[in-house]
Amino acid sequence: MEEKRRLDGDGEVVVVKPKPSKGLTSRAIDLLENLIVKLMYNSSKPQHYLSGNFAPVNEETPPCKNLPVIGHLPECLNGEFVRVGPNPKFTPVAGYHWFDGDGMVHGMRIKDGKATYVSRYVKTSRIKQEEFFGGAKFMKIGDLKGLFGLLMVNMQSLRAKLKVLDTSYGYGTGNTALVYHHGKLLALSEADKPYVLKVLEDGDLQTLGLLDYDKRLAHSFTAHPKVDPFTGEMFTFGYSHSPPYITYRVISNDGFMHDPVPITIPEPIMMHDFAITENYAIFMDLPLYFRPKEMVKQNSLIFTFDETKRARFGVLPRYAKDDLLIKWFELPNCFIFHNANAWEEEDEVVLITCRLEKPDLDMVGGGVKEKLENFTNQLYEMRFNMKTGLATQKKLSEPAVDFPRINESYTGRKQQFVYGTILDSIAKVKGIVKFDLHAEPESGKTKIEVGGNVQGVVDLGPGRFGSEAVFVPRQPGVTSEEDDGYLIFFVHDENTGKSAVNVIDAKTMSLDPVAIVELPHRVPYGFHAFFVTEEQLQEQARL
């Protein structure tokens with residue numbers, strides 16, 4: 001890889017300039033792939049995640065100013081609200097899974113009560129190469145099933161080996177989450193390194209390149225790193241199909257990435273999230289295994305959930321140089337996509353998380369029922385006693401809740417409120433819920449409704465669906481009331497085909513929004529969101 005780097009003060013951003021090649025070899029592989037697809041892929045299968053409001057928008061949107069605002073945008077929302085999600089630029093060759101699409105960031109610049117909307121692709125190496133070819137070339141998760149999956153893996157290997165595709169910059173999508181650290185806004189997908197985005201003066205978004213921490217990052221980087229608001233450090237990890245299966249990293253507040261800490265686990269897994277407390281990092285060895293042999297034998301997706309295995313949680317001192325001091329705890333079989341927060345309480349480490357049983361990643365690939373009965377995400381409290389070695393868990397909600405967020409001034413510290421999305425299927429958000437962790441859950445409930453530890457529910461109404469709601473405090477820090485602030489999120493109305501950004505009062509959870517900002521066109525359903533403050537915008541402007 002010919003390195004071109006742009007200086008950005010303390011670190012360097014790698015300018016992404018892949019060198020794919022067209023020609024006879026490329027055309028020959030295309031013909032072979034088309035033949036395999038024709039013979040082995042059932043193209044009549046419905047592609048749920050390419051239809052309705054999951055379907056991609058065809059164009060980027062340059063800054064669209066002075067949008068209609070119903071209500072008012074509070075001063076603390078001066079900044080840029082960003083949400084990323086999958087938006088495939090080219091039609092898939094065969095299968096498609098919701099996790100596959102190219103990352104597109106939808107941004108709303110808010111300044112002095114006025115709002116500007118913008119949408120831009122994360123300019124990954126992958127999308128640049130597919131633009132060069134004018135079509136989809138990279139393998140998709142949606143293809144990784146059965147013998148067909150194995151052949152599609154070989155197609156990608158062949159293209160890389162024969163230099164048709166340039167995989168030297170990785171091949172992630174940048175479609176999963178966003179985080180801000182050390183003066184940089186990062187777009188993340190867990191199979192790749194972070195991409196650095198710059199927010200321009202008018203709210204526009206520009207991809208600067210890859211971040212490899214001066215070549216110290218040689219593995220993938222989770223979409224859910226944790227920034228400690230007290231120390232300014234960022235904690236992260238990557239998972240791999242070959243040992244070490246998990247690698248933990250600490251990044252100082254000055255952007256320096258410390259040496260890798262391999263975490264020993266028996267098999268390669270999918271680990272989407274982790275957690276930190278003031279003194280520990282919590283790793284989750286959950287039995288969603290990477291098993292390519294079973295993919296072929298059982299005609300299943302490449303990630304297989306094993307219901308016979310217990311869930312393991314490893315608690316490691318967060319500045320450990322190796323994993324010798326990790327303590328492993330066991331709880332009943334489950335999977336976790338997202339944690340809300342964790343903290344320490346006397347001898348115990350407490351984890352607040354969204355737990356589900358029997359996950360099936362195939363449910364978000366191809367055809368799907370309108371409602372998914374087997375996704376039972378519930379809010380749970382898990383406790384790991386560092387003295388006795390015992391673990392306990394307690395259910396805090398009915399199904400289905402996920403995308404939990406908190407006031408991030410309390411990351412790694414004990415807090416009271418969790419804001420989640422209420423799901424009526426894995427991907428459709430029908431409401432926003434506020435949990436009070438100081439209150440006891442009400443028994444006898446069959447759905448999420450106000451009472452007990454459920455302090456508020458905002459139902460979006462029939463045919464209206466939202467996305468992850470980000471908490472923006474009125475005052476940053478931990479000196480004011482924890483829930484004094486606003487929740488901001490995208491909403492799409494399937495009745496009218498229109499999208500908006502809604503702002504609600506997090507303290508009262510009133511059904512009447514504080515503000516609704518009408519958008520010029522629909523925004524597809526997506527993944528995670530982030531709020532970049534005015535102060536952070538000024539800081540990153542120096543990039």
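Criterion applied to 442, 468 was being without any contact (Cβ under 8 Å) to a residue 24 or more places away in the chain and within 23 Å of residue 339 (Cα to Cα), and the one residue passing it is 442. Could you please let me know if residue 128 is open to solvent by 10 Å² or more (accessible area, probe 1.4 Å), among the charged types (D, E, K, R) and in contact with a helix residue (DSSP H, G or I) (Cβ under 7 Å, 6 or more places away or on another chain)? The answer is no for residue 128.
For residue 214, the conditions (1) surrounded by fewer than 18 Cβ atoms within 10 Å (Cβ to Cβ); (2) part of a strand (DSSP E or B); (3) not aliphatic (A, V, I, L, M) all hold with the exception of (2). With respect to residue 110, determine if the residue is buried (at least 23 other Cβ atoms within 10 Å of the Cβ), at negative phi, out of contact with any Pro (no Cβ under 7 Å at 6 or more places or on another chain) and not acidic (Asp, Glu). Criteria met by residue 110.
Looking across segment 336-366, the residues that are closer than 30 Å to residue 93 by Cα and modelled with pLDDT under 95 come down to 358, 359, 360, 361, 362, 363, 364, 365, 366.
Filter segment 316-353 down to the residues that are in a strand (DSSP E or B) and open to solvent by 30 Å² or more (accessible area, probe 1.4 Å) and list them by number. Scanning segment 316-353 gives 317, 327, 328, 330, 344, 345, 348.
I'm trying to understand the selection: among the residues of segment 131-141, which are crowded, with 20+ Cβ neighbours inside 10 Å and in a helix (DSSP H, G or I)? 141 - this is the single residue of segment 131-141 that is crowded, with 20+ Cβ neighbours inside 10 Å and in a helix (DSSP H, G or I).
Residues of segment 492-514 that are farther than 24 Å from residue 66 by Cβ and among the basic types (Lys, Arg): 507 alone.
Scan segment 13-64 for residues that are under 32 Å from the mean Cα position of the chain (by Cα) and assigned to a loop (DSSP other than H, G, I, E, B) and the total you get is 21. Considering only segment 137-179, state which residues are touching a residue at least 40 places away in the same chain (Cβ under 8 Å), closer than 23 Å to residue 212 by Cα and among the hydrophobic types (A, V, I, L, M, F, W, C). The answer is 165, 177, 178, 179. Filtering segment 207-228 to residues that are basic (Lys, Arg) and closer than 18 Å to residue 15 by Cα leaves 215, 216. Of the strands (runs of 3 or more DSSP E) contained entirely in segment 395-452, not one carries at least 1 residues that are at negative phi, surrounded by fewer than 16 Cβ atoms within 10 Å (Cβ to Cβ) and under 19 Å from the mean Cα position of the chain (by Cα).
Here residue 250 does not qualify as within 30 Å of residue 60 (Cβ to Cβ), open to solvent by 10 Å² or more (accessible area, probe 1.4 Å) and among the β-branched types (Val, Ile, Thr).
The values are calculated or read from the model by the stated rules, or taken from the named source; none is laboratory data. Source: prediction; values computed, not measured. As a convention, Cβ positions derive from the backbone with ideal geometry for all residues, glycine included, and neighbour counts pool all protein chains shown. Each accessible area value is taken on the protein alone, full model and side chains, heavy atoms only, with ligands, DNA and RNA left out. Shrake-Rupley method; radii C 1.70, N 1.55, O 1.52, S 1.80 Å.
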